[in-house]
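For reference, the structure is listed below as structure tokens.
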């Protein structure tokens with residue numbers, strides 16, 4: 001029997017947290033969450049999740065980018081995959097996409113909101129598979 005994987009969901013949109021929690025839990029994952037980006041790192045330290053789903057635009061427009069870099073510098077969390085969930089391109093009308101980068105944006109994947117449930121589940125499975 002395989003161990004239940006824990007996912008930390010950090011997003012200031014409470015409705016999105018509720019919907020994604022239901023989706024992930026109905027697919028066998030344990031979910032811990034916060035709608036406050038400032039507590040995301042503390043919760044990651046406390047729960048040591050197998051995966052972190054992280055919004056970008058929370059307390060300020062780039063908070064998720066900053067949290068991703070901070071997580072990389074914490075030894076016990078540096079290997080934890082992070083998937084960014086963002087609407088920053090749409091909201092700020094940016095003409096370019098963000099890509100994972102080992103130094104500036106150390107994440108497994110970047111998903112543009114709104115994210116179809118099947119796509120989120122596929123990316124979660126890929127990230128957890130290594």
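The values are calculated or read from the model by the stated rules, or taken from the named source; none is laboratory data. All values derive from a computational prediction rather than experimental measurement. Glycine also receives a Cβ, built like all others from the backbone with ideal geometry; neighbour counts cover every protein chain displayed.
Does residue 17 meet the test of being out of contact with any helix residue (DSSP H, G or I) (no Cβ under 7 Å at 6 or more places or on another chain) and either under 17 Å from residue 105 (Cα atoms) or surrounded by 18 or more Cβ atoms within 10 Å (Cβ to Cβ) (or both)? Before the answer, list the steps.
Details: out of contact with any helix residue (DSSP H, G or I) (no Cβ under 7 Å at 6 or more places or on another chain): yes; either under 17 Å from residue 105 (Cα atoms) or surrounded by 18 or more Cβ atoms within 10 Å (Cβ to Cβ) (or both): yes.
It is true that residue 17 is out of contact with any helix residue (DSSP H, G or I) (no Cβ under 7 Å at 6 or more places or on another chain) and either under 17 Å from residue 105 (Cα atoms) or surrounded by 18 or more Cβ atoms within 10 Å (Cβ to Cβ) (or both).
One line per residue, one yes/no per condition, for (1) touching a strand residue (DSSP E or B) at 6+ places or on another chain (Cβ under 6 Å); (2) modelled with pLDDT of 80 or more; (3) surrounded by 11 or more Cβ atoms within 10 Å (Cβ to Cβ):
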residue: 52; (1), (2), (3): yes, yes, yes
residue: 77; (1), (2), (3): no, yes, yes
residue: 84; (1), (2), (3): yes, yes, yes
residue: 87; (1), (2), (3): no, no, yes
residue: 90; (1), (2), (3): no, no, yes
residue: 107; (1), (2), (3): yes, yes, yes
residue: 116; (1), (2), (3): no, yes, no
residue: 119; (1), (2), (3): no, yes, yes
residue: 122; (1), (2), (3): no, yes, yes
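Of all residues in segment 54-67, those that are more than 12 Å from residue 13 (Cβ to Cβ), modelled with pLDDT of 90 or more and buried (at least 23 other Cβ atoms within 10 Å of the Cβ) total 2.
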